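What follows is a single structure, written as structure tokens, with notes after it.
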Amino acid sequence: MAVITYRQALHDTLRDEMLRDEDVFLIGEEIGVFEGSYKITAGLLKEFGEKRVRDTPIAEEGFVGAAVGAAMLGLRPVVELMTINFSLIALDQIVNHAAKIYGMFGGQTSVPMVLRTPGGGGQQLGATHSQNIELYYAFVPGLKVVAPSTPADAKALLLASIRDNDPVLFLENLALYNTKGEVPDVVEPAEIGKAKVTKQGTDITIIGYSRMAMVAQQVAEKLQADEGINAEVVDLRSLRPLDRETVVESVRKTGCAVIAEDDWLTYGIGAEIAASISDGAFDYLDAPVRRVAAAEVPLPYAKPLERAALPSAESLTTAVHQTLDAVGRRRR
Amino acid sequence: MAQTATRTKPATRATKSRRSGSVRGSGGGRFAGESPELLKDYFYEMTLIRRFEERAAQGYTQAKIGGYCHLNLGEEATVVGLMRSLRKSDLLFTNYREHGYAIAKGIEPGRVMAELYGRTTGTSKGWGGSMHMFDVEAGLLGGYGIVGGQIPLATGAALAIDYRGGDQVVMCQMGDGTTNIGAFHEALNIAALWNLPVVFVVINNQLGMGTTVDKSSAEPELYKRAAAYRMHGERVDGNDVLAVRDAAARLVEQARETGRPALLEAVSERLKGHSVVDPGKYRSEESVEQAKQADPVANFRAELIEAGVLDEDVAVEIERKAQAEADAAVAFADDSPHPDPSTLFHYTYATPVANDSRRLPADPVF
């Protein structure tokens with residue numbers, strides 16, 4: 001068991017999969033000579049050459065579409081989109097083509113590709129470079145959307161995504177790249193579509209994904225240590241398909257829930273989770289389901305404004321406290 | 001490498017001169033070296049596509065075909081010429097106007113009609129319809145309904161061929177209106193940068209829906225856009241099946257041997273509206289008359305008779321056979337089963353996945 005960064009886990013998995021399967025190749029902006037904007041692909045051009053580590057023009061629709069076409073013939077492209085914000089330029093190829101080709105041709109060909117892309121704010125990058133728009137992709141049948149929060153999950157889910165025969169949007173987060181975690185020596189591919197209970201508990205369920213799953217875990221551990229609050233944490237890991245069962249099962253046990261999400265509140269991922277809890281655990285609820293989400297503004301550049309807009313350990317802790325107070329479950 | 005665009009005569013001029021007899025020259029020289037059987041075969045296939053599309057229009061008005069229905073009427077010479085430039089193993093990506101291409105690429109007309117009818121025997125098992133036909137065996141890698149969506153895909157297919165060292169070529173068909181979208185430029189740039197074996201073919205029927213090419217393209221001679229990518233660009237008379245075949249075959253073989261992409265513009269005329277429901281009221285009488293005069297099926301028939309390749313009886317016999325095959329396609333489609341609603345969730349994902357939603361509209365979530 002080694003402790004490595006989220007970045008290292010991604011890098012190692014890409015390299016291992018390229019060594020394992022000749023059909024796996026990397027394509028994207030600045031992934032070769034520049035070694036990737038976030039250095040996930042460092043050293044891979046030197047090791048595998050230009051055929052398998054392909055620098056592209058800054059033309060997302062063109063190179064994402066080319067990856068879709070290559071995947072239709074059985075190659076396994078792993079696309080790096082520099083940030084999820086730029087994926088909007090390739091939206092036609094992702095939503096109208098990658099997601100539809102298996103279905104609209106009656107299952108005759110599929111699109112085994114991975115779109116790796118970081119999202120998220122907190123780096124003072126301004127409104128167009130700080131978005132959490134995974135919802136746009138999680139909405140679309142035919143796509144799979146995964147959002148790992150730990151190095152071990154990053155590895156297990158990237159393995160699964162590369163070996164999967166469907167297009168997978170693999171969501172990273174700028175704030176996660178330098179986070180560290182234990183990774184087993186041998187990692188098996190994760191089952192896409194399964195959430196994970198990362199901390200057992202009985203007092204309240206906290207649900208998150210990507211960066212906020214990590215924050216939820218930290219908050220839950222601190223609440224346990226400082227206040228004896230026994231929170232259960234569910235890391236969604238997959239946004240499409242969505243593991244409603246695991247969420248509902250946990251809320252049936254604890255009777256209340258707080259959802260932590262980096263995206264905007266209205267119509268966000270949390271809205272879908274809250275509706276699922278209503279569908280599956282209404283009779284078990286002791287309090288309304290709370291959502292901790294980003295303020296609904298284009299994310300500002302100035303640090304105090306940006307900090308105020310994004311959910312954090314503090315805002316999540318406050319929401320947990322308020323919910324537990326409402327049901328008289330908080331020991332003071 | 002310098003851009004080497006050449007220009008052949010535009011469609012209407014070539015057709016007019018052909019009617020005056022000057023193109024053939026003395027002794028039927030235009031067909032010199034051509035196998036009479038092959039010429040008859042071209043005539044048969046062009047006629048078959050004509051009859052098929054007439055039956056498709058009829059099926060649409062009878063509400064047996066739904067959605068949109070874009071016909072190849074008037075483009076038969078281009079369709080057949082292009083497809084005869086390809087090997088069976090070569091791959092084709094088209095836009096939504098693809099019935100004729102599917103037939104000429106080797107798919108049974110019955111399966112093409114069955115797709116229009118939304119039946120399980122169709123090219124996409126009824127999931128695609130008019131705009132989304134597909135057949136790996138025939139090398140048709142899809143008709144695509146979003147204008148220009150197929151261009152990056154075709155480029156990617158050529159990338160896969162190059163990656164694996166195969167000798168196939170990809171042909172990517174599109175209309176004139178497509179040349180103004182971003183994906184056209186992005187994909188041509190990538191294909192040229194990476195030396196990918198793909199021939200981009202613009203069917204310039206001079207109308208993007210109802211907007212004329214000179215109102216939508218700042219450079220209406222579309223083959224010239226190849227220059228921006230140091231790519232060979234060429235324009236051909238789309239009403240001349242042999243000219244289309246020869247030009248396309250040269251570019252296809254060049255792509256096969258050198259990996260260089262190319263852009264071919266086939267100037268054509270649309271006999272009817274953009275789709276079956278479009279009466280084409282935006283067109284001038286002169287334009288409609290010009291299209292009728294340029295009818296590639298009627299003109300090829302007349303030429304073959306004049307050259308002695310066909311006589312009237314043989315021509316009629318070929319036309320009867322084409323009609324019978326189109327009718328048989330309709331009968332096959334009519335007799336084919338509709339997909340069962342129980343198969344609704346069969347094609348969402350190729351790799352099964354946990355918690356895949358298989359919920360019908362009234363089903364509870366829990």
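If you go through the range B:203-217 one residue at a time, do you hit one that is in contact with a helix residue (DSSP H, G or I) (Cβ under 9 Å, 6 or more places away or on another chain), assigned to a helix (DSSP H, G or I) and open to solvent by less than 40 Å² (accessible area, probe 1.4 Å)? Among the residues of the range B:203-217, at least one is in contact with a helix residue (DSSP H, G or I) (Cβ under 9 Å, 6 or more places away or on another chain), assigned to a helix (DSSP H, G or I) and open to solvent by less than 40 Å² (accessible area, probe 1.4 Å), which makes the answer yes.
A single member of A:LYS222, A:LYS194 is basic (Lys, Arg), in contact with a helix residue (DSSP H, G or I) (Cβ under 8 Å, 6 or more places away or on another chain) and not in a helix (DSSP H, G or I), and it is A:LYS194. Consider the range B:338-366. How many of its residues are within 14 Å of chain A (Cβ to nearest Cβ) and closer than 16 Å to B:GLY126 by Cβ? Summing the residues that are within 14 Å of chain A (Cβ to nearest Cβ) and closer than 16 Å to B:GLY126 by Cβ in the range B:338-366 gives 9. B:VAL276 falls short of the stated requirement of being in contact (Cβ under 8 Å) with a residue 40 or more places away in the chain and in contact with a strand residue (DSSP E or B) (Cβ under 6 Å, 6 or more places away or on another chain). Within the range A:172-193, the set of residues being under 15 Å from A:ARG7 (Cβ atoms) and not hydroxyl-bearing (Ser, Thr, Tyr) comprises A:GLU172, A:ASN173, A:LEU174, A:ALA175, A:LEU176, A:ASN178, A:LYS180, A:GLY181, A:VAL183.
Just one of the listed residues (A:LYS46, A:LYS51) is within 25 Å of A:ASN165 (Cα to Cα), out of contact with any Leu (no Cβ under 9 Å at 6 or more places or on another chain) and not acidic (Asp, Glu), namely A:LYS51. Are any residues in the range A:176-214 among the hydrophobic types (A, V, I, L, M, F, W, C), away from chain B (no Cβ under 14 Å), open to solvent by less than 30 Å² (accessible area, probe 1.4 Å) and within 20 Å of A:LEU242 (Cα to Cα), and if so, which ones? Scanning the range A:176-214 gives A:ILE206, A:ILE207, A:MET212, A:ALA213. Of the set (1) among the aliphatic types (A, V, I, L, M); (2) under 23 Å from A:GLU261 (Cα atoms); (3) open to solvent by less than 10 Å² (accessible area, probe 1.4 Å); (4) within 14 Å of chain B (Cβ to nearest Cβ), all apply to A:LEU171 but (4). Within the range B:218-237, the set of residues being assigned to a loop (DSSP other than H, G, I, E, B) and either more than 13 Å from B:ALA262 (Cβ to Cβ) or open to solvent by 30 Å² or more (accessible area, probe 1.4 Å) (or both) comprises B:ALA218, B:GLU219, B:PRO220, B:GLU221, B:ARG230. Selection of first residues in the range B:339-354 that are closer than 18 Å to A:MET113 by Cβ and of second residues that are modelled with pLDDT under 95 and aromatic (Phe, Trp, Tyr), restricted to Cβ pairs under 9 Å at least 6 apart or on distinct chains, gives an empty result. The single condition from (1) within 11 Å of chain B (Cβ to nearest Cβ); (2) buried (at least 24 other Cβ atoms within 10 Å of the Cβ); (3) within 24 Å of B:TYR163 (Cα to Cα) that A:VAL78 fails is (1).
Working only within the range A:303-326, note down all residues that are open to solvent by 40 Å² or more (accessible area, probe 1.4 Å), of a type outside the set (Asp, Glu) and either part of a loop (DSSP other than H, G, I, E, B) or at pLDDT 95 or above (or both). Selection gives A:LYS303, A:PRO304, A:LEU305, A:ARG307, A:ALA308, A:SER315, A:THR318, A:GLN322.
Give A:ILE273, A:ILE259, A:ILE269, A:ILE277 a once-over and let me know the one that is hydrophobic (A, V, I, L, M, F, W, C), touching a residue at least 24 places away in the same chain (Cβ under 8 Å) and open to solvent by 10 Å² or more (accessible area, probe 1.4 Å).
Within the list A:ILE273, A:ILE259, A:ILE269, A:ILE277, the selection yields A:ILE269.
Got a sec? Which helices (runs of 4 or more DSSP H) wholly within the range B:259-366 have at least 1 residues that are under 30 Å from B:MET209 (Cα atoms) and among the basic types (Lys, Arg)?
Correct list: B:285-293, B:296-306.
Just one of (1) in contact with a Phe, Trp or Tyr (Cβ under 8 Å, 6 or more places away or on another chain); (2) within 8 Å of chain A (Cβ to nearest Cβ); (3) of a type outside the set (A, V, I, L, M, F, W, C); (4) touching a residue at least 12 places away in the same chain (Cβ under 8 Å) fails for B:TYR163. It is (4).
The values are calculated or read from the model by the stated rules, or taken from the named source; none is laboratory data. These numbers were taken from a predicted model, which means no experiment stands behind them. Cβ coordinates were reconstructed from backbone atoms using ideal geometry, including for glycine residues, and neighbour counts include every protein chain displayed. Heads up: the accessible areas ignore ligands, DNA and RNA and are worked out on the full protein's heavy atoms, side chains in. Shrake-Rupley method; radii C 1.70, N 1.55, O 1.52, S 1.80 Å.
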